[in-house]
Amino acid sequence: MKSRSSRVLLILALGAASLAGAQTPSHRPDAGMHSGFEGMDAGPYSDADAARFLAQATFGPTLDGIAHLRSVGYQAWLNEQFALPASTQIPYLDWVENLPPLPIGNDSVTDDTRIEAWTINALGTPDPSRGMAAPADQLRQRVAFALSEIFVVSNKNGTLAYQPWALASWYDTLAANAFGNYRALLKDATLHPAMGIYLTHMQNQKADTTHNIRPDENYAREVLQLFSIGLVKLAEDGTPLLNGGQPIPTYGQAGVRGFAAVLTGWNWNNTGCGPNTYECCNENNYSNCGRYGYNLPSWKLPMQPIEAFHDNTSTKQLLDYAGVALPAGVLAAGGNASQELDAALDNIFHHPNVGPFIGRRLIQRLVTSNPSPAYVQRVASTFNDNGSGVRGDLKATVRAILLDPEARFGQWMYPSLFGKLREPLLKNTQLWRAMSATTETGRIETLNPYPPIEDWYGQGPLRSQSVFNFFQPDYRNSGEISNLGLASPEFQILSDITAVSTNNRLFSLSFCWYSDGSSCWTNDHGAALYLDTARDAGLAASNPSALLDRYSLLFMSGQMSPFMHQVLLTRLNAITGGNRGRQRVQHALYLILNSPEYSIQK
């Protein structure tokens, strides 16, 4: 049987042969110079390899980022990123809150201010709240965004829509845990007040049949279905285990009720509770206490237990699986709220589904929609044991995802199956980063003069319409994709409306927000985000073919087909006149960003 490297080289040789014999430019990327002999984690061996890795591990490649990765290599780059402190959002909101009033415009802290902080961290632009230091923790921010699409909290909740500090704190929690342990993430997510409000387990009460009170099952259900193990039992490679040809459920209604009973008695943290807020939460004031004031400490602190409302008298059915620490998955009565929560989270954490379930979700968010079972198994194996006997190490899991042979060479191994539709939001971040977009002051008002982000293309950080994210991981677009049994998650938000509105936004960004002083739009306080079109205008004027090579690298990891290159070159050569440099840049950007070849991240 051929080795993996041999199979890769065979595919490349066939691709090169087909190009050599073609009479017209090929619609396939040129594979002729690619090599698969070297170790997967020892590269990158070309700028294209570096750009492709950065497209998976960051919010988009930059010229400097490609050069740096080439100079240090994958392993050293990952170690650098793992060592960087998290760039957070709470300090930015605090900084804006304390600024002098603006002479023009609305300067109050809203959820749009949180989006501003997110954008600075995602793009790595100079942060005015930190003396114009540029956030550098790209990998952590990219993984945090991936986690935000698994552990979903959203401002679409009527309460959270007016609590930017709560949502910023939630995102900062994901960033803090991105390279930590999944067990710690699970507990921090469970006890965060934003999640407590969003999935309604805050102020959950033990059963009281006299008053028709039953524990809320919302979070109990979703923590199992969406955040940890899924609906059916899985092999380590992520394929469903079967009994009589049918998938085996991971839990039933008794399990949901058991976890709901465990989650009783948790309420607002009383830190900062005082005369200017609602009364403190205690056993005499449980469901009527509240923390709905503006920027209160309790929005950013873990919930606290109030034992009088915790069910410590009933046994609770949890998850029953081979090797479970609890006999038959039953939690005995008598523990306090904290003890029982820890026991229940341990029960989830050690379930054999967690590795393949979370591993596949992260692979889908970073690399490809349809990872092979072998890829999932390798990642799940690392999640189960990082090599030092530690389970749930997310740093090791992320490393395994990005350095897997399928991640690095999947576009050649499975050319018809590998890749993912680029999320609209990530198209924007890639454009801004590739074109070194900046503002005059460091402030970023990405929404002015636009309507809110999701009104343009169905996405915004922590702005999902439901707990199921913007799109479901197993969504299958109708037609060939569905007939082949493949997943195409991002296609779920590629509607007639978003297909047009995304293109319109990319047109506006390409043609109206540029750096030479004659942009279509200005901002009254230096917060407009402009593309640095001047950087490439000279190259575009003198050598448009070289410009296309640069953009193939930055936007398509060097995978632009000869056919696409020729079509674009013909168009750019037709643009003449004194401003041809800038205009060629703008046309190239718009046409590339809306092309089918670019839209699929390979």
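Values as computed for the structure displayed
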{"read-out": "Sole exception among (1) charged (D, E, K, R); (2) touching a residue at least 24 places away in the same chain (Cβ under 8 Å); (3) over 14 Å from residue 150 (Cα atoms) for residue 463, by number", "value": "(3)"}
{"read-out": "Residue within the stretch 207-218 that is among the polar types (S, T, N, Q), in contact with a Ser or Thr (Cβ under 7 Å, 6 or more places away or on another chain) and in the same structural domain as residue 288 (by TED's automatic domain parsing) present", "value": "yes"}
{"read-out": "Restricting the stretch 457-478 to residues that are in contact with a Pro (Cβ under 6 Å, 6 or more places away or on another chain) and at pLDDT 95 or above, the residue that is surrounded by the most Cβ atoms within 10 Å (Cβ to Cβ)", "value": "471"}
{"read-out": "Positions within the stretch 433-446 being under 22 Å from the mean Cα position of the chain (by Cα) and either farther than 10 Å from residue 61 by Cα or assigned to a loop (DSSP other than H, G, I, E, B) (or both), in sequence order", "value": "435, 436, 437, 444, 445, 446"}
{"read-out": "Residue, surrounded by the most Cβ atoms within 10 Å (Cβ to Cβ), within the stretch 207-228, restricted to residues that are touching a helix residue (DSSP H, G or I) at 6+ places or on another chain (Cβ under 6 Å) and not in a helix (DSSP H, G or I)", "value": "215"}
{"read-out": "Of the criteria (1) within 30 Å of residue 486 (Cα to Cα); (2) part of a helix (DSSP H, G or I); (3) of a type in the set (D, E, K, R), which one residue 172 fails", "value": "(1)"}
{"read-out": "Residues located in the stretch 155-190, provided they are over 21 Å from the mean Cα position of the chain (by Cα) and surrounded by 18 or more Cβ atoms within 10 Å (Cβ to Cβ)", "value": "163"}
{"read-out": "Matching residues in the stretch 553-562 - criterion: being among the hydroxyl-bearing types (Ser, Thr, Tyr) and over 24 Å from the mean Cα position of the chain (by Cα)", "value": "561"}
{"read-out": "Conditions (1) among the small types (Gly, Ala, Ser); (2) out of contact with any helix residue (DSSP H, G or I) (no Cβ under 7 Å at 6 or more places or on another chain); (3) within 25 Å of residue 62 (Cα to Cα); (4) surrounded by 21 or more Cβ atoms within 10 Å (Cβ to Cβ): number failed by residue 136", "value": "(4)"}
{"read-out": "Condition met for residue 529 (under 17 Å from residue 593 (Cα atoms), of a type in the set (A, V, I, L, M) and either out of contact with any strand residue (DSSP E or B) (no Cβ under 6 Å at 6 or more places or on another chain) or at pLDDT 95 or above (or both))", "value": "no"}
{"read-out": "Options 117, 76; residue that is in a helix (DSSP H, G or I), among the small types (Gly, Ala, Ser) and surrounded by fewer than 22 Cβ atoms within 10 Å (Cβ to Cβ)", "value": "76"}
{"read-out": "Selection count where residues are small (Gly, Ala, Ser) and within 26 Å of residue 420 (Cα to Cα), scope the stretch 577-602", "value": "3"}
{"read-out": "Residue 71 modelled with pLDDT of 95 or more, in contact with a Pro (Cβ under 9 Å, 6 or more places away or on another chain) and either polar (S, T, N, Q) or not assigned by TED's automatic domain parsing to the domain that holds residue 366 (or both)", "value": "no"}
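The values are calculated or read from the model by the stated rules, or taken from the named source; none is laboratory data. Please read these numbers as outputs of a predicted model, since none were measured by experiment. Every residue, glycine as well, gets a Cβ built from its backbone with ideal geometry; the counts of neighbours run over all protein chains shown.
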